[in-house]
Amino acid sequence: MRSQTAYAGLVAVVAAERLAELVVSRRNAAWSLAQGGHEVGREHYPAMVALHTGLLGACLAEMHWGQRRFGRGGWVALAGVGAAQALRWWCIRTLGPQWNTRVIVVPGASRVTGGPYRYLDHPNYVAVVVEGVALPMVHGSRWTAAGFTIANAALLARRIRVEEQALRALHETA
């Protein structure tokens, strides 16, 4: 029972972190729009919000109804959750006001190539993938991990395509 309470606390901490992201995102989106930016690809945004919110609820539901326990891999998964959060905030810090949860194209903005973007084009999505597997697996919620991973793969394929098209269009007009 104690591990369930601790896990619920971890999910609550991740939920609070997501709310903090939304605060940063709204501030940065307002900045981007004030710079003449425009949003693209907004059709997939509600699905993204639903999927990420659903992940948190599904973690708790599977733990409770699936009688999942903190297992041998729990500590490794917990380390994965921590690494995902660290990478996500490194991305947010590196992108500065250009980071938000939407795809907003700011005329004249250059593609960021520092920080984790020095190594990967979309490191924030690496964090999302790791967290989507690791958070459920902290408490053995393998169905949630698998379901989120499959749905997230389809969503990320669309999202990355939208971002890449937006970046190409931005640089073609520059």
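The values are calculated or read from the model by the stated rules, or taken from the named source; none is laboratory data. Not measured: the values here are computed from a predicted model. Counting neighbours? That spans all protein chains shown, and the Cβs are built from the backbone with ideal geometry, glycine included. In case anyone asks, the SASA skips ligands and DNA or RNA and just uses the protein heavy atoms, side chains included. Shrake-Rupley method; radii C 1.70, N 1.55, O 1.52, S 1.80 Å.
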Kindly evaluate Val81 against the criterion of being within 22 Å of His122 (Cβ to Cβ) and in contact with a Leu (Cβ under 8 Å, 6 or more places away or on another chain).
yes
Restricting attention to the stretch 40-56, the residues that are closer than 13 Å to Val11 by Cβ and open to solvent by less than 40 Å² (accessible area, probe 1.4 Å) number exactly 4
The residue from Arg69, Arg88, Arg111, Arg93 that alone is part of a helix (DSSP H, G or I), charged (D, E, K, R) and touching a residue at least 60 places away in the same chain (Cβ under 8 Å) is Arg88
Flag if Ala47 is assigned to a helix (DSSP H, G or I) and more than 17 Å from Asn100 (Cα to Cα)
no
Going by the conditions given, is Arg42 modelled with pLDDT of 95 or more and of a type in the set (Lys, Arg)?
no
Checking Asn152 against (1) open to solvent by 50 Å² or more (accessible area, probe 1.4 Å); (2) polar (S, T, N, Q); (3) within 15 Å of the chain's Cα centre (by Cα): exactly one of these is not met. Which one?
(1)
Counted residues, the stretch 72-83 - those being in a helix (DSSP H, G or I) and either of a type outside the set (A, V, I, L, M, F, W, C) or in contact with an Asp or Glu (Cβ under 8 Å, 6 or more places away or on another chain) (or both)
4
Complete set of residues in the stretch 68-96 that are more than 15 Å from the chain's Cα centre (by Cα) and buried (at least 16 other Cβ atoms within 10 Å of the Cβ)
Arg68, Phe70, Gly74, Ala77, Leu78, Thr94
Among residues of the stretch 6-34 being open to solvent by 90 Å² or more (accessible area, probe 1.4 Å) and of a type outside the set (A, V, I, L, M, F, W, C), the residue farthest from Val103 (Cα to Cα) is Arg27
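Here is a yes/no grid of residues against (1) among the polar types (S, T, N, Q); (2) surrounded by 15 or more Cβ atoms within 10 Å (Cβ to Cβ):
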residue: Gln98; (1), (2): yes, yes
residue: Thr101; (1), (2): yes, yes
residue: Gly108; (1), (2): no, no
residue: Val130; (1), (2): no, yes
residue: Ala134; (1), (2): no, yes
residue: Ile160; (1), (2): no, no
residue: Ala166; (1), (2): no, yes
